[in-house]
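Enquirer: What follows is a structure written as structure tokens; I'll ask about it next.
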Amino acid sequence: MHHLRRYLIAGLLLWLPLGVTVLVVRLLVGTMDQTLLLLPERLRPDALFGFHIPGLGLVLAVSVVLLTGMLVANLFGRRLLALWERLLSRIPLVRSIYMAVKQLAETMFSGGGQSFRKVLLVEYPRKGLWTLAFQTGTGVGEAQQKTGREVVNVYVPTTPNPTSGFFLMVPREDVVELDMSVDDGLKMIISMGVVVPNGGKQGTRDEVQGTRE
């Protein structure tokens with residue numbers, strides 16, 4: 001029974017990560033293939049070739065993104081974009097959603113942005129309990145002025161799905177900055193703490209307390 005258990009665990013360690021990876025890749029490719037529905041029916045690959053080729057939707061999406069990026073990178077494209085944004089700014093609900101998403105994208109993809117660049121340790125949901133969080137900004141706003149304290153905007157993801165979570169404004173002195181990378185932080189969150197990064201400084205409890213003080 002001991003050998004059978006060892007063989008079973010060895011087999012699971014091989015097939016479980018491979019199976020989950022295949023499922024996730026199939027889900028992403030299948031989702032991206034839905035972009036092919038934007039093409040006229042006679043121009044879709046299924047109609048042209050007579051059979052389905054997985055992944056062509058991803059190629060189409062990347063091509064559209066590249067072409068639009070090339071278009072808006074020049075002076076004429078920027079003028080068209082400005083005209084398009086002025087048009088959207090006249091629609092109340094659309095204006096709010098579009099501008100919020102645009103500011104988020106500019107912050108995340110800009111080289112000098114601070115969003116999701118640092119992994120933090122914060123006490124949440126109460127004192128004495130620690131969780132990982134990602135810094136999303138340090139801009140001075142009304143919250144800084146009204147509280148009279150320097151606060152840090154953080155995103156606390158849920159486990160094992162980091163795409164949902166909570167937005168918190170935490171005082172700077174209550175935040176502990178970690179040395180681990182964002183990728184390592186995501187691995188730790190998704191694995192529910194099973195995968196613990198070994199990189200960075202191994203601080204003791206006293207060092208953490210000293211950082212907060």
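Enquirer: Please verify whether V59 is farther than 30 Å from N153 by Cβ and surrounded by 11 or more Cβ atoms within 10 Å (Cβ to Cβ), treating the condition exactly as stated.
Expert: Yes: the conditions hold for V59.
Enquirer: For T131, only one of the following conditions fails: (1) among the polar types (S, T, N, Q); (2) touching a strand residue (DSSP E or B) at 6+ places or on another chain (Cβ under 8 Å); (3) modelled with pLDDT under 90; (4) surrounded by 12 or more Cβ atoms within 10 Å (Cβ to Cβ). What is its number?
Expert: Condition not satisfied by T131: (3).
Enquirer: Across segment 154-186, what is the number of residues that are more than 24 Å from A143 (Cβ to Cβ), touching a Phe, Trp or Tyr at 6+ places or on another chain (Cβ under 8 Å) and among the hydroxyl-bearing types (S, T, Y)?
Expert: Final tally of qualifying residues: 0.
Enquirer: Then there's this: Given the criteria of a type outside the set (D, E, K, R) and at pLDDT 85 or above, does M32 qualify?
Expert: Judged against the criteria, M32 is not a match.
Enquirer: While we're here: Among residues belonging to segment 171-210 that are surrounded by 13 or more Cβ atoms within 10 Å (Cβ to Cβ) and more than 20 Å from F116 (Cα to Cα), point out the one that is modelled with the lowest pLDDT.
Expert: G203
Enquirer: Residue under question is S63, and the condition is that it be under 23 Å from the mean Cα position of the chain (by Cα), of a type outside the set (A, V, I, L, M) and closer than 27 Å to V24 by Cα; does it hold?
Expert: Answer is yes for this residue.
The values are calculated or read from the model by the stated rules, or taken from the named source; none is laboratory data. These numbers come from a predicted model, not from an experiment. In this analysis, Cβ positions are derived from the backbone assuming ideal geometry, glycine residues included, and neighbour counts consider all displayed protein chains.
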